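One structure below.
What follows draws every value from the coordinates through simple rules; no lab data is involved. Owing to the predicted nature of the structure, the values given are computational and were not obtained by experimental measurement. Positions of Cβ are backbone-derived with ideal geometry, glycine not excepted, and every protein chain shown enters the neighbour counts.
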């Protein structure tokens, strides 16, 4: 297969994969399998996330895991204290906003 054919095939695959048509094809599966959270589950998801929880989560990641969207490996984060504190505050804010936006 030529490179141009491979590129076209890949583009077509990912366009179809991420199009709204795919979501519509599986909507019946989604609607029939809705999981409802208990009040305890809602409380657990909406409680404040502490800096210590973020720090513990970051420190528990294997040192050489793939970098995240920010491009940093956990090994780097372990060696920069002030930067780690700043990142934990940013993660805390982002997570809090994400939880609030999904509940509204």
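Take 87, 11 and order them by how many other Cβ atoms sit within 10 Å, fewest up front.
With the sparsest Cβ surroundings first, the list reads 11, 87.
Between residue 97 and residue 37, what's the calculated FRET efficiency when r is the beta-carbon distance and R0 is 22 Å? Round to 0.05.
That gives a FRET efficiency of 0.70.
Once you place label points 7 Å from the Cα toward the Cβ at residue 79 and residue 57, how far apart are they in nm?
Between residue 79 and residue 57, the label points sit 2.5 nm apart.
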